[in-house]
């Protein structure tokens, strides 16, 4: 039997270790906010939609970069964004520092997304200034809710009042909450209320929630950022098939 010298054995082990593929992480990005006013113009008797002004919607195309090793260049993945719609899951190698750098199509730095401890992340992104081209805020959480779960996410700076059937619940700022349909129920009423400046609570969302097989549902509560919004707080319902 032949034995490898110690140095050669160590080299072989290091090469084999280096060749192991990085663990994969699933990422979805959901830009939140109000769309700009819909505008049209008439040319030769035909109506045309006027494109949204620069900065009033998120970058349509971005590059997600994952740096796997210090000595290697980041691996980049293209992704298209649409306001109010979660992107399809993007599988990326887990970065060394647990964060993904996101750039615009022009190469300008945009946001940094900290990945959750699970194998999947839902990154909620919203603007803090007047333009989407400026650095945005990110709230990242595990994208691992189960079938039949209803998750509530409060991105505002105020506690929200959630009426879930007969239950009256409080959802603090920057927190999440998961509820399930009560036993024997197929549908229940849901109301979300926000604290009004003049005192008391005002509803910002009311619906009838139904349990559907093979789905999970989420309700994202965020601050309205449109021009003169009717309500200061809005709710975006999401339903995903599993």
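Here, each number is a calculation from the coordinates, and none is a lab measurement. Keep in mind the model is a prediction, meaning the values are calculated, not measured. Using ideal geometry, Cβ is built from the backbone for each residue, glycine included, and neighbour counts are taken over all protein chains shown.
Here are the numbers for the structure shown:
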item: Within the chain, percent of DSSP bridges classed antiparallel, to nearest 5; result: 85 percent
item: Translational diffusion coefficient (Stokes-Einstein; Kirkwood radius from C-alpha pairs) of the range 146-217 at 25 °C, 0.890 mPa s, in µm²/s; result: 189 µm²/s
item: Projected-area mean, the chain, by convex hull of Cα positions, square nanometres; result: 21.4 nm²
item: 20 °C / 1.002 mPa s Stokes-Einstein diffusion coefficient of the range 72-182, Kirkwood radius on C-alpha pairs, µm²/s; result: 132 µm²/s
item: Cα-Cα P(r), the range 106-242, percent of pairs per 10 Å interval; result: 10, 38, 34, 15, 2, 0
item: Computed lengthening from residue 135 to residue 167, 0.36 nm per intervening residue step minus Cα-Cα distance; result: 7.7 nm
item: Rounded tilt (10° steps) of 6-18 against the dominant C-alpha axis of the chain; result: 20 degrees
item: The chain - mean residue ellipticity at 222 nm from DSSP helices (-39,500 (n - 2.57) per run, n ≥ 4, rounded to 500); result: -1500 deg cm²/dmol
item: Centroid-to-centroid separation of the range 62-105 and the range 180-225 [C-alpha atoms, Å]; result: 32 Å
item: Pairwise label distance in nanometres, residue 90 with residue 212, each label 7 Å out on the Cα-Cβ vector; result: 2.6 nm
item: Considering only the range 104-242, percent of DSSP beta bridges that pair antiparallel, nearest 5; result: 90 percent
item: Simple spin-label estimate for residue 52 and residue 183 in nanometres, 7 Å along Cα-Cβ; result: 4.6 nm
